[in-house]
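Novice: Handing you this structure, nothing more for now.
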Amino acid sequence: MVAFTLPKNSKVVKGTHYPAPTGAKEVKTFKIYRYDPEGTENPRWDTYDVDVAACGPMVLDVLLHIKNTMDPTLALRRSCREGVCGSCAMNIGGRNTLACTHGHEDYKSGVSVSPLPSMPVVKDLVPDLTLFYAQYASIEPWLHTETPTPQKEWTQSPEDRSKLDGLYECILCACCTTSCPSYWWNPEKYLGPATLLQAQRWLSDSRDEAKGERLDALEDPFKLYRCHTIMNCAQVCPKGLNPAKAIAETKAMLVDRVT
């Protein structure tokens, strides 16, 4: 049999326990992934007994409470706190979601919180999204036209505008891409659900005049066709979008143009 050896510092160990303050009214335990790749220590699970009665209703409120009152070394990424920017995407209770829109009341005693899976870790709950954004940039997500620019604006009929529904709402949080096993296996070759949904958004735009070039760029055994319709992407999208459906529509466009 083949013996596989994990890298030296890959095993997640038990970390520090932070007890609840005296007089806490409602205590829940949050197990949080901690790791600094620039250090020498293994990643660890620190546990925090949090008085959620002193926090807001969302998991992000709990994390900020921990950082502000219990452990200022905790690193996380956040911005709008309204489910618009996607900055606080992380894995909560085994599911990719946004910490700012996910309530801690869903968990009776507590929950584990870790960074988005399959991505390198910058520190603690902060994933390195360099590759993710580079793949998004590779589809050239802007309007391509040859027609002279109109004096006022590019017009679009209500019917054509409706074709963008379910596509333009993507906030690039990476929840779908990092939940996709095909992306775990081929992260540098397969573009992933979020980027491919964005690609379909421009393919569906009646104002864009580079449909052929966009399809040419996607017609690749790995960029597009690694999607096996596992549907994890649709299950975790915090905006309720269906990247798998968008990918299927792109595949259909490629078939239609050769038949």
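The values are calculated or read from the model by the stated rules, or taken from the named source; none is laboratory data. Because the structure is predicted, anything quoted here is derived from the model rather than measured. In this analysis, Cβ positions are derived from the backbone assuming ideal geometry, glycine residues included, and neighbour counts consider all displayed protein chains. These accessible areas exclude ligands, DNA and RNA; they are computed on the full protein's heavy atoms, side chains included. Shrake-Rupley method; radii C 1.70, N 1.55, O 1.52, S 1.80 Å.
Novice: Those residues that are surrounded by fewer than 20 Cβ atoms within 10 Å (Cβ to Cβ) and either among the polar types (S, T, N, Q) or more than 19 Å from Met119 (Cα to Cα) (or both), I need them from the stretch 42-63; list them, please.
Specialist: Selection gives Asn42, Thr47, Asp49, Asp51, Ala53, Ala54, Gly56, Pro57, Asp61.
Novice: Sticking with this structure for a sec: Quick check on this structure: which one of Pro238, Pro187, Pro181, Pro141 is in contact (Cβ under 8 Å) with a residue 40 or more places away in the chain and touching a helix residue (DSSP H, G or I) at 6+ places or on another chain (Cβ under 6 Å)?
Specialist: That would be Pro141, the only listed residue that is in contact (Cβ under 8 Å) with a residue 40 or more places away in the chain and touching a helix residue (DSSP H, G or I) at 6+ places or on another chain (Cβ under 6 Å).
Novice: Given the residues Leu143, Leu172, which is the only one that is of a type outside the set (Phe, Trp, Tyr), part of a loop (DSSP other than H, G, I, E, B), closer than 30 Å to Pro72 by Cα and open to solvent by 20 Å² or more (accessible area, probe 1.4 Å)?
Specialist: Values: Leu143 fails: closer than 30 Å to Pro72 by Cα.
Leu172 is the lone residue from the list that is of a type outside the set (Phe, Trp, Tyr), part of a loop (DSSP other than H, G, I, E, B), closer than 30 Å to Pro72 by Cα and open to solvent by 20 Å² or more (accessible area, probe 1.4 Å).
Novice: Among the numbered criteria (1) part of a helix (DSSP H, G or I); (2) at pLDDT below 95, which single criterion is violated by Lys108?
Specialist: Looking at each condition in turn, Lys108 falls short on (1).
Novice: For a quick check of your reading of the model, give me the residue pairs whose first member lies in the stretch 1-17 and is under 14 Å from Asp124 (Cα atoms), whose second is at pLDDT below 90 and not β-branched (Val, Ile, Thr), with beta-carbon atoms closer than 9 Å and at least 6 apart or on different chains.
Specialist: none
Rundown of residues vs (1) under 15 Å from the mean Cα position of the chain (by Cα); (2) open to solvent by 10 Å² or more (accessible area, probe 1.4 Å); (3) of a type outside the set (A, V, I, L, M), yes/no style:
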position	(1), (2), (3)
Asp205	no, no, yes
Thr229	no, yes, yes
Asn232	yes, yes, yes
Cys237	yes, yes, yes
Ile247	no, no, no
Asp256	no, yes, yes
